[in-house]
Every structure is written in C-alpha cells, then in structure tokens.
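Trainee: Structure in structure tokens, see below.
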Amino acid sequence: MKITKTKLDGCFIIEPTILKDKRGYFYESFNSKKFNELTGLNINFVQDNQALSSKGVLRGLHYQVGKDAQAKLVRVLKGKVLDVAVDIRKESPTYGEYVSVKLSAKNHKQLFVPRGFAHGYIVLSKTALFFYKCDNFYNKQAEGGIMYNDPTISIDWKLPQSEFIISEKDKVQPSIENAKI
C-alpha cells in the first residue's frame with residue numbers, strides 16, 4: 001500500500017499493492033493496521049455506502065458537522081470519477097482549498113477524506129459504481145453542503161457544466177462563506 005499526502009493536511013491518496021497474473025488480479029483494499037500505521041491516524045470505519053451514477057452526475061459537496069462529522073475512504077468499483085475534497089476547517093491554513101483526483105476501477109486509487117472536509121464527485125465514464133467507508137454514522141440533522149460551483153473555491157470538474165446532472169438539493173447549497181460549518 002502506497003500512501004501519498006496531498007496539499008491538504010490529513011487528506012491522503014492511497015494506492016494498493018496489486019498482485020496480477022494470468023487469472024486476473026488481487027489486492028487488499030483496506031487493512032486498518034497498515035492504514036493507521038502509514039497515516040498516523042486511528043480510524044474505525046462503521047458504515048459502508050455505495051452509489052451507481054451515470055456520466056455527468058455530480059454529487060456534492062457534502063459533509064456532516066459537530067460530533068457527527070465523518071471521515072471517508074472513497075473508491076470506484078466500476079467506471080471513473082473526479083473526486084474532490086474541500087478543506088472546510090476554518091482554522092486551517094488551507095481553508096477553502098481543494099484537492100481532486102481521478103479514481104477509477106482501472107487505477108484502483110482511493111482518497112481518504114478526513115473530518116472537517118466537504119466531499120463530492122462527478123462521473124466521467126458512462127457509469128460509475130462508487131463505494132466509500134465512513135467512520136461515523138449518517139445523521140440527517142448534522143448534514144451540510146456547499147454549492148458545487150462556489151466561485152471562491154473554483155473547482156475544475158473536468159466536464160462542461162452543460163453535461164452536469166445535479167440533484168435539486170445540490171443546486172441550492174450555500175457558498176462556503178454561508179455554509180453551516
């Protein structure tokens with residue numbers, strides 16, 4: 001397992017060691033002992049989520065606040081997405097900055113999104129099967145969001161906006177400066 005720090009403190013790109021032969025491949029997608037040792041964190045995932053989406057579907061930017069905040073380990077089982085994490089920790093020197101990484105079934109990369117970050121992704125392939133682990137349970141009362149096109153963040157989603165498919169809820173999210181953080 002290879003762990004790469006991003007420019008945002010606590011946010012990591014994870015690449016598994018893949019064993020390939022004529023039968024196909026095998027890899028360990030998560031090992032808590034190795035993960036905790038390589039990141040210096042002590043994460044206990046309690047919930048797994050999965051979503052199937054078509055090209056242009058943009059989900060995000062979402063987070064939970066307070067004691068219900070969530071860290072996430074995200075990956076793609078089929079297809080390709082552009083995954084985005086935005087630092088929403090007001091005391092952080094990288095507040096309002098983001099990292100993005102292409103995650104795909106082909107590259108097997110994962111992104112660890114710590115608590116205190118908003119998260120979203122857009123599907124770049126015909127369809128994508130997206131999977132993620134959370135270290136806290138979902139609580140609707142603690143959910144928050146930031147508009148996907150907030151000009152102060154200025155995310156490059158890698159597709160023209162005319163191709164975006166966005167939920168009504170995500171179309172009306174506030175700017176980062178007006179979000180409940």
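Here, each number is a calculation from the coordinates, and none is a lab measurement. Since we're looking at a predicted model, the values are computed, not measured. Positions of Cβ are backbone-derived with ideal geometry, glycine not excepted, and every protein chain shown enters the neighbour counts.
Trainee: Given Cα pairs under 8 Å that are at least 6 residues apart, what percent is the relative contact order of segment 45-178?
Mentor: On the way: 319 pairs, mean separation 52.0, N = 134.
Rounded, it is 39 percent for segment 45-178.
Trainee: Which of the lysines could a cross-linker span from LYS180 if the Cα-Cα distance has to be under 22 Å and same-chain partners fewer than 8 positions apart are dropped?
Mentor: Straight-line reach from LYS180, under 22 Å: LYS67, LYS72, LYS90, LYS140, LYS169, LYS171.
Trainee: Can I ask one more? With all pairs of different alpha carbon atoms counted, what Kirkwood hydrodynamic radius in Å does segment 1-131 show?
Mentor: Values: mean 1/r = 0.0652 Å⁻¹.
Result for segment 1-131 stands at 15.3 Å.
Trainee: Calculate one ³J(HN,Hα) per residue across segment 84-89 by plugging θ = phi - 60° into the Karplus curve 6.51 cos²θ - 1.76 cosθ + 1.60, and present them in order as whole Hz with x for glycine and proline.
Mentor: 10, 10, 10, 6, 10, 7
Trainee: Between LYS140 and ASP68, how many nm apart are label points set 7 Å from Cα along the C-beta direction?
Mentor: About 1.0 nm, to one decimal.
Trainee: Label-point separation (nm) for THR127 and ASP156, each offset 7 Å from Cα along Cα-to-Cβ?
Mentor: 3.1
Trainee: With each label point set 7 Å from Cα along the Cα-Cβ vector, what nm distance links THR17 and LEU52?
Mentor: Placing both labels 7 Å beyond Cα along the Cβ direction yields 3.4 nm.
Trainee: Mind listing which GluC sites (Glu not before Pro) in segment 28-127 are in a DSSP loop and have 12 or fewer other Cβ atoms within 10 Å?
Mentor: Values: sites: GLU28, GLU37, GLU91, GLU97; in loops: GLU28, GLU91, GLU97.
Answer by residue number: GLU28, GLU91.
Trainee: I would also like to ask the following. From the helices alone, meaning DSSP H stretches of at least four residues, give me the mean residue ellipticity at 222 nm for the chain, per-run term -39500 (n - 2.57), in deg cm²/dmol to the nearest 500. Could you put the intermediate results ahead of the total?
Mentor: Details: 2 runs with 12 residues, N = 181.
Rounded to the nearest 500, it is -1500 deg cm²/dmol.
Trainee: How do 74-83, 163-172, 110-119 rank on mean C-beta neighbours within 10 Å, highest first? Write out the running numbers ahead of the final one.
Mentor: Numbers: 74-83: 21.4, 163-172: 13.0, 110-119: 23.1.
Order by mean packing, descending: 110-119, 74-83, 163-172.
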